[in-house]
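All remarks here apply to the structure that follows.
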Amino acid sequence: MQRSKNDVWVGGFALIGAVAILFLALQSANLLSLNFQSTYHVSAKFDNVGGLKPKAAVRSGGVVVGRVETLTFDDKTFQARVTLALESRYAFPKDSSLKILTSGLLGEQYIGIEAGAADKNLAAGDVIGATQSAVVLENLISQFLYSKAAEGSSSPGPEKK
C-alpha cells in the first residue's frame, strides 16, 4: 500500500512538471498569450511585413501594449494589411506611426508604435497611415554587394607599360 501511494505522488509531480514545461514552451514561442485585458482593434498597411507573424508583440517604449491579430494581403493596393489588438488601457494619438522592428540582429520581428501629437486618440476600427516596412536583411546584403561591384568596375585598372 505504501509503494502505490508513493507511485501516485511521483506520477503527480511528473505530470505537473510536464504541464509546466509545455506551458513555458508555448509561452516562449508566442503561441500562448494569457491576457485578460480588453482590447481594441486598429489596422495598418505595409509594403513588406518581412517575417512578422500573428501574435507578435506590439511595443511602445519597450513595453508590450498589444499583439498582432491578423496578417492579410490586399489585392487592390498590393500591400499587407495588419490588424493589431491594442490593450484598452493604452491610448495613442491618431497620428501615431508604426514600424516593423527586429529584436536583436536576427531575432523575432515586432511592431513598434511611436506616439504622435494629435489631440484625438485612436479608436476601434481606425487605420494608421504612417507605417515603415520591415528591413529585409537579404535586400541590404544585395545592395551592399552591388554597390561594391559597381565601385570595382568603375575604378580604373592598373596601368600597363
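The values are calculated or read from the model by the stated rules, or taken from the named source; none is laboratory data. Keep in mind the model is a prediction, meaning the values are calculated, not measured. Quick reminder, even Gly has a Cβ in these numbers, built from the backbone with ideal geometry, and neighbours come from all protein chains shown. Calculation scope for accessible area: heavy atoms of the full protein, side chains included, ligands and nucleic acids excluded. Shrake-Rupley method; radii C 1.70, N 1.55, O 1.52, S 1.80 Å.
Got a sec? Charge dipole of region 70-161, +1 on Cβ for Lys and Arg, -1 for Asp and Glu; which of 132, 71, 105 is way out at the positive end?
Sorting the options by dipole projection puts first 105.
Which ³J(HN,Hα) values in Hz, rounded to whole numbers, follow from the phi angles of region 125-135 under the Karplus curve 6.51 cos²θ - 1.76 cosθ + 1.60, where θ = phi - 60° and Gly and Pro get x?
Each residue of region 125-135 in turn: x, 5, 10, 8, x, 8, 10, 10, 5, 5, 8 Hz.
In percent, how large is the relative contact order of the chain, given Cα pairs closer than 8 Å and 6 or more residues apart? Don't skip to the end; give the middle numbers.
Details: 244 pairs, mean separation 35.9, N = 161.
Normalised by residue count, the contact order of the chain is 22 percent.
Around residue 108, which amide H atoms from residues at least 5 apart in sequence, or from another chain, sit under 5 Å from its own amide H, with H modelled in the peptide plane?
Long-range HN contacts for residue 108: 103.
What does the charge add up to near residue 115, with Lys and Arg as +1, Asp and Glu as -1, over the other residues with Cβ less than 11 Å from its Cβ?
On the way: positive: 94; negative: 95, 114.
Summing Lys and Arg as +1 and Asp and Glu as -1 gives -1.
With n ≥ 4 as the cut-off for DSSP H runs, can you work out [θ] at 222 nm for the chain, using -39500 (n - 2.57) per run divided by the number of residues, rounded to the nearest 500?
On the way: 2 runs with 45 residues, N = 161.
After summing the helix terms and dividing by the residues of the chain, the value is -10000 deg cm²/dmol.
State the number of lysine pairs found in region 1-114 whose Cα atoms come within less than 29 Å, restricting to pairs 8 or more positions apart or on distinct chains.
Taking region 1-114 as the scope, the lysine pair count is 13.
In Å², and per residue, what accessible area does region 1-98 have when probed at 1.4 Å with the other protein chains present? Could you put the intermediate results ahead of the total?
Details: 6460 Å² over 98 residues.
For region 1-98, the per-residue accessible area is 66 Å².
Give me the net charge for the shell around residue 39: Cβ to Cβ below 14 angstrom, other residues only, Lys and Arg +1, Asp and Glu -1.
Numbers: positive: 55, 67, 89; negative: 69, 87, 126.
Around residue 39, the charge tally is 0.
Taking θ as phi - 60°, what are the ³J(HN,Hα) couplings along region 96-110 by the Karplus curve (6.51, -1.76, 1.60), each to the nearest whole Hz, with x for Gly and Pro?
These are the phi-based 3J(HN,Hα) values: 5, 10, 10, 10, 8, 10, 10, 6, x, 6, 10, x, 6, 8, 8 Hz.
Accessible area of region 8-104 with a 1.4 Å probe: how many percent of it is carbon plus sulfur?
Numbers: 3800 of 5920 Å².
Carbon-and-sulfur percentage of accessible area, whole number: 64.
What percent of all Cα-Cα pairs in region 9-130 falls in each 10 Å bin, counting up from 0?
12, 39, 29, 12, 6, 2, 0
Enumerate the residues in region 120-139 having an amide nitrogen under 11 Å from the point lying 7 Å beyond the Cα of residue 83 toward its Cβ.
125
About its Cα centre, how strong a charge dipole does region 46-161 have in debye, to the nearest 20, once Lys and Arg get +1 and Asp and Glu get -1 at the Cβ? Mind dumping the intermediate values first?
Numbers: 13 positive and 13 negative charges, 44 e Å.
With only Lys, Arg, Asp and Glu charged at Cβ, the dipole is about 220 debye.
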